[in-house]
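The values are calculated or read from the model by the stated rules, or taken from the named source; none is laboratory data. Because the structure is a prediction, the values reported are computed rather than measured. Reconstructed Cβ throughout: ideal geometry from the backbone, glycine too, with neighbour counts over all protein chains shown. Protein only, heavy atoms only, side chains kept; ligands, DNA and RNA dropped before computing areas. Shrake-Rupley method; radii C 1.70, N 1.55, O 1.52, S 1.80 Å.
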Amino acid sequence: MIEGLQEWTAGLPAVLQWLGVMAAGAIPFVESYLGSVIGVVAGLNPVVAVLAAVVGNIVTMTLVVLSADSLRRRRGTEAPEQMSLRKQRLRRLFDRFGVPGVSLLGQTVLPSQITSGALVAFGANTRGVIVWQVVSIILWGVLFGVLATLGVDLLATA
């Protein structure tokens with residue numbers, strides 16, 4: 001099955017391969033980590049797969065952050081008692097670990113787009129959120145890209 005997918009992918013122009021992985025990386029819950037895996041399994045060079053997935057994820061995350069910042073400027077921040085339980089939990093994590101901690105660990109629970117938008121809504125510095133989310137997106141994308149490469153290589157030798 002993997003070989004068939006790789007053969008089909010190889011028949012596509014390189015630009016379409018990259019755009020497909022970028023689009024996958026832009027989808028919440030797929031993001032850079034699963035986008036990297038999709039690209040590697042589809043037969044793209046692992047560096048290209050990770051880069052494309054990371055770029056797709058960063059573009060959508062940045063759009064969400066800038067939109068949340070604009071909304072926050074117009075409406076202000078939400079009072080804690082008006083937040084849903086999930087937002088209150090994220091707020092406690094934000095208060096405890098700050099932007100770096102929530103950015104690096106938040107992707108284990110929620111997509112970067114949701115996490116970053118919530119951080120900005122809580123009043124975090126927009127530029128800081130973007131920087132730490134980019135670091136997190138790259139780290140998670142590289143980690144899963146390496147794991148996928150090792151897994152595909154292992155399957156190929158089996």
| Which one of the conditions (1) in a helix (DSSP H, G or I); (2) open to solvent by 80 Å² or more (accessible area, probe 1.4 Å) does residue 109 fail to meet, given that it meets all the rest? | (1)
| note | residue 69 meets each of (1) within 19 Å of residue 131 (Cα to Cα); (2) open to solvent by 20 Å² or more (accessible area, probe 1.4 Å) with one exception, condition (2)
| Options 16, 44, 12, 5: the member that is over 12 Å from the mean Cα position of the chain (by Cα), among the aliphatic types (A, V, I, L, M), surrounded by fewer than 13 Cβ atoms within 10 Å (Cβ to Cβ) and over 20 Å from residue 103 (Cβ atoms) | 16
| request: Could you tell me whether any residue of region 22-33 is acidic (Asp, Glu) and within 13 Å of the chain's Cα centre (by Cα)? | output: yes
| field | Residues satisfying the stated conditions in region 3-44, i.e. among the polar types (S, T, N, Q) and at pLDDT below 90 | value | 6, 9
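Just checking, does region 135-146 include any residue being modelled with pLDDT under 95 and touching a Gly at 6+ places or on another chain (Cβ under 8 Å)?
There is no residue in region 135-146 that is modelled with pLDDT under 95 and touching a Gly at 6+ places or on another chain (Cβ under 8 Å).
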